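The values are calculated or read from the model by the stated rules, or taken from the named source; none is laboratory data. Here the structure is a predicted model, which is why all the values come from computation and not from measurement. Because the Cβ atoms are built from the backbone with ideal geometry, glycine has one as well, and the counts that use them run over all protein chains shown. We work out accessible area using only protein heavy atoms, side chains counted, and drop any ligands, DNA or RNA first. Shrake-Rupley method; radii C 1.70, N 1.55, O 1.52, S 1.80 Å.
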Amino acid sequence: MNTLFPLLLSALTPIALTSVYVALRAWLPGGRQGNLHMSVLFGAAMWLAMMSSVHHGQHTIADMRGAILVLAYLFGGPLPAVVALAIGAVTRFWIGGPVAPIGVAVLATIFLGIVFLARWRGLVPESGAVSARALATMGAWASLNQIAALWLAQVHGSLLIVMPLSQFCVTMIAGGMLILIQQKTNLGRKLNEQQDLVRTLLVRDRASGLLNRAGFWLELDAALRKLAGSDDKIVVLLISIRRLRNVSVTLGPRLSESLLTEAARRLEAVVKNPTLARFDDGTFGLFVMADPLDETVALVDDVFAAFRRPFHSHGRDLHLSLNIGISSSSGDHDALETLIAHGNQALARSITLGENRLQVYDENTVVQAVRPMKLEVELRRAVETGNEFLLQYQPKVHLDTGKLHGVEALCRWHSPALGKVAPDEFIPVAETSGLIVPLGEWVLQETCRQLVAWRRHGFTPPVTSVNLSAKQLLDSEFPERALRCVLGHGLSPSQIEFELTESSVMTDPSLSINVLNRIKALGFPLSLDDFGSGASNIGHLKSLPFDCIKIDKSVIDDLGTSNDAEIVCRAIYGLGCAMHLEMVAEGIETEAQRNQLREIGFTLGQGFYFSPALSADELAAGWLARDYRSQDAESAL
């Protein structure tokens, strides 16, 4: 009975340690401070274990020093184990007795063995998760050392087996409880990490790492609530990156995603705003606290400047353009939905105005934004039916003789719901909606049909120019499809000339030049439209396979009133002659302009001075009847 209470106390020490360990892990911080708390815990446990040792005569026959060291190293770490070792050694010397040195040596041997098993035998993985195998191996090592200590202390009989076995059992019981606690803790941590990941996925865009639409709405709603009752304003910017869809269709989604990632990085570098969000493939948003609005406009200028540089991706230089819509909260702090809706309306209006445009929301924007939506709906229906469009033809004329040289096919739209819609209004909508591709195919088909009709009525069909859009130019199958259309009508490719602007080529210069070279190789003439309008680049012109350049109307307008206009025209004429290009002056409206162009050396012109765009019958009755009647028809007359 004299040894029963100390034996129970010594055995219960590691088990009591378990509950204290749980409290420390649950409520105390980790890191260095956590190690300090664990060191205090295991040091106190070692002292209590040593003080509750069971003695037989002058010898200590039972204590839980080995169990404490094992638990300290496995669940606390090296520092708590060293502290427990030091306190155990000091306490053992303080207790005294003839075999005190043996007790201290046993402590040191247990510790060194634990370190060897953990580091060199790999029983403790880097994750720190303790296994039953590690616990059993180290517990067995501590019990073997206790057997050796008892044998050296000349303790024999059943005690030589019972005492080490009791220590091993206590180690396994206490350690097993701690392993369960550790596993539960790790499971809870992993669940928390998974919950954090789910929350991140709900509010973050996976590709760019930016906020997604839901995350942006949450941040904006919180900001609006915070500003309630104050005079501060929130300005929302919605940014649409153009041409990404074209790149994805023509060059594949991988290149498109690469471009999108680079675009997101540029936006981040410029705006430096944590609210920057990606809504979909090419639309971004952010909000700022800005009053007055000029501060936001300065930020917009920086964004536009960042996108003037080409994007380098997979060996290609690609140019992307932007449209930006801005809305701001009123003094009454608009609702979240209202602020976003105003931003979308401003963005829609910006898109209809052309690329690289900014639109700030005002009351007129609502009407202006609804109009493109109606246009797209009616335009889509018109493209599907194909019976609302018609072609008109504007003559290209020899400046000297006034005779017909060729015509340009121009698409006109008379909508039953909207009336006559100007090309300047519906062509941008067709571009942004992707309807320009089927519309362009209809124009080519109708042009070929009309040339055949003129030939059937005894006229020699003139070379007819058809405008080519950027989206058609990015279609690698377009050249062969155009050839099939022309040959299917019994025409020659030389009778159809494709006109396009330089800006349409710059969407993807390498792909566009490849498509243009293939079009040229099939026999189609090529004409560069709007030359001299401000976007022309002579360096690009040298690499493009054009047969003709059309001088923009803006250059012709000031002829006769401005010496600068004449200098520009002479420079363009010299360039065209040096590159052996045919030249057509567009937008001639007066006799003076015609005469001055003839004096410079131009031979071809187009404009209202000669004729507006005419219907097929009007062109045939006038121009074709005079200059393009076939020889067979003339002989029949």
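Output the helices (runs of 4 or more DSSP H) that fall wholly within segment 545-626 and possess 1 or more residues being among the hydroxyl-bearing types (Ser, Thr, Tyr), or say none.
553-556, 563-578
Take residue 524 and tell me if it is assigned to a loop (DSSP other than H, G, I, E, B), closer than 25 Å to residue 396 by Cβ and in the same structural domain as residue 585 (by the TED database).
Yes.
Only one residue in 457, 489 is open to solvent by 10 Å² or more (accessible area, probe 1.4 Å) and free of Cβ contacts under 8 Å to residues at least 60 places away in the same chain. Which one?
489
Which of (1) out of contact with any Gly (no Cβ under 6 Å at 6 or more places or on another chain); (2) open to solvent by 60 Å² or more (accessible area, probe 1.4 Å) does residue 548 not meet, given it meets every other one?
Residue 548 satisfies every listed condition except (2).
Looking only at residues that are open to solvent by less than 10 Å² (accessible area, probe 1.4 Å) and among the hydroxyl-bearing types (Ser, Thr, Tyr) in segment 505-530, which one is nearest to residue 576 (Cα to Cα)?
527
Suppose we filter segment 467-486 for residues that are more than 14 Å from residue 437 (Cβ to Cβ) and crowded, with 19+ Cβ neighbours inside 10 Å; how many remain?
2
Among the residues of segment 403-423, write down those that are open to solvent by 20 Å² or more (accessible area, probe 1.4 Å) and either farther than 30 Å from residue 379 by Cα or of a type in the set (S, T, N, Q) (or both).
403, 405
If you check residue 627 against the conditions, is it touching a Leu at 6+ places or on another chain (Cβ under 6 Å), at pLDDT below 95 and among the charged types (D, E, K, R)?
The answer is yes for residue 627.
Any residue in segment 322-333 that is of a type outside the set (S, T, N, Q), farther than 21 Å from residue 503 by Cβ and at pLDDT 80 or above?
Yes, because at least one residue in segment 322-333 is of a type outside the set (S, T, N, Q), farther than 21 Å from residue 503 by Cβ and at pLDDT 80 or above.
Does residue 431 count as surrounded by fewer than 18 Cβ atoms within 10 Å (Cβ to Cβ), modelled with pLDDT under 90 and under 23 Å from residue 550 (Cα atoms)?
Against the criterion (surrounded by fewer than 18 Cβ atoms within 10 Å (Cβ to Cβ), modelled with pLDDT under 90 and under 23 Å from residue 550 (Cα atoms)), residue 431 does not qualify.
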